[in-house]
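Below is one structure, written out as structure tokens; comments come after it.
Every number in this text was worked out from the coordinates using simple rules, so none of it is lab data. Note that this is a predicted model, so its numbers are computed, not measured. Cβ: placed from backbone, ideal geometry, glycine included. Neighbour counts: every protein chain shown.
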Amino acid sequence: MSAGNPAMAQASMRVAQLAEPQVTVIDASSTRLGECPLWDADGQRLYYIDSLSRHIISLRQDGTDRQLWTLPVIVGSIGLAGPGRFIAGLENGFAFIDISGPDAVIEPICDPEADMAETRLNDGKVDPMGRYWCGSMSVDLSRPVGSLYRLDYDLTWTRVETGITVSNGIAFSPDTTRLYFSDSRLDRSFQYDLDTASGALSRRRRFVETSAYEGRIDGATVDADGHYWGALFEGAAIGCFDPDGRLLRKIAVPTRYPTMCSFGGSNLDILFVTSATFLMSEEEIAAESAPGALFAISGLGVCGIAEPTFKVGKAQ
């Protein structure tokens, strides 16, 4: 890790010493539960979702040319699956979503929790090898009835972790050997060893205990140097952690409820941040300058990694 890796230690020191970045609003449309900002490098567009309002939203890097598609069900997360196409974790299971036309077309795949009315799929991300990882959550946010799943190239699923209240924080190290995961209702994040070929997880260990900070890790990403960036839900900030879980940096954002962050833009050096209003009172919403907005953080001095694409039928 960073203590024994001089290059990582130098990168961590550089991150900690950088100047204060700029935070701007690029989409002031107030989302109930904004999630999953996703930069499509080929199309040079950003996608994100309003999970509870059942929307997929698309816009350019500067927030212009905004487009919106409405789904018939709650969408927990999306990942790239080709031009105008996503792999998704919906409230009723895994599916492909096609938005190449004016209306979203859903192609169901499978529902690993079809017999569980108290859960739905939530945070998800495509790994660097092209598999889709997605965790479920307790709908009432109260019980550890969720699981973490891996959807493989042949569209079969594997349950790889259980006993989760709200799945969040999924990200992968740049060298593809580690998976990060958070149960955001427990103020606890974990790190696993990831077998690149098989997708098997091993050696689970604690990564970040967010009880030491204001807010809990919600959605997350990594930068090209291997640092982990997590939205601190209820903490009005984005935290940057080294691979040993040490907090290097906190970037304040003008909302108490940031939900997820990811790198994008033409140079992959902008951190896009979604936010939420579903837990806010009318008074709290009125007190914020941009409740539920989509933010862009520039001037961080770091770059992200291009989002991978889900690979159906890839030879194993």
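With R₀ fixed at 22 Å, the C-beta to C-beta distance from Ser298 to Leu247 puts the FRET efficiency at about 0.55.
Directionally averaged projected area (the chain, Cα convex hull): 15.0 nm². Normalised by the number of residues in the chain, the mean separation of alpha-carbon contacts (under 8 Å, six or more apart) gives a relative contact order of 19 percent.
Ordering of 212-223, 159-170 by packing is 212-223, 159-170, highest average first (other Cβ atoms within 10 Å, averaged per residue). Extension gain for the segment Ser211 to Asp140, taken as residue separation times 0.36 nm less the Cα-Cα distance, is 23.4 nm to one decimal.
Backbone geometry of the stretch 289-295 corresponds, through the Karplus equation with coefficients 6.51, -1.76 and 1.60 at θ = phi - 60°, to 3J(HN,Hα) couplings of 6, 8, x, x, 7, 9, 10 Hz, x marking Gly and Pro. Taking a ≥ b ≥ c as the square roots of the eigenvalues of the Cα gyration tensor, the stretch 159-274 is classed as oblate, since a/c reaches at least 1.5 and a/b does not exceed b/c. Taking all C-alpha pairs of the stretch 125-176, those more than 19 Å from each other amount to 31 percent. Using the Karplus relation 6.51 cos²θ - 1.76 cosθ + 1.60 with θ = phi - 60°, the per-residue 3J(HN,Hα) values for the stretch 52-57 come to 6, 8, 6, 10, 10, 10 Hz, with x marking Gly and Pro. Of the peptides 59-70, 172-183, the order by per-residue mean of other Cβ atoms within 10 Å, starting with the highest, comes out as 172-183, 59-70. Measuring r between the beta carbons of Thr177 and Gln67 and using R0 = 51 Å, the FRET efficiency lands at 0.85.
The peptide list 35-46, 232-243, put in order of mean Cβ contacts within 10 Å with the highest first, becomes 232-243, 35-46. Extending 7 Å from the Cα toward the beta-carbon at both Arg159 and Glu284 defines two label points whose distance is 3.2 nm. For the stretch 59-202, the Kirkwood hydrodynamic radius comes to 15.8 Å, computed from all pairs of different C-alpha atoms.
Between Glu234 and Ala114, the modelled labels are 3.6 nm apart [label points 7 Å from Cα along Cα→Cβ].
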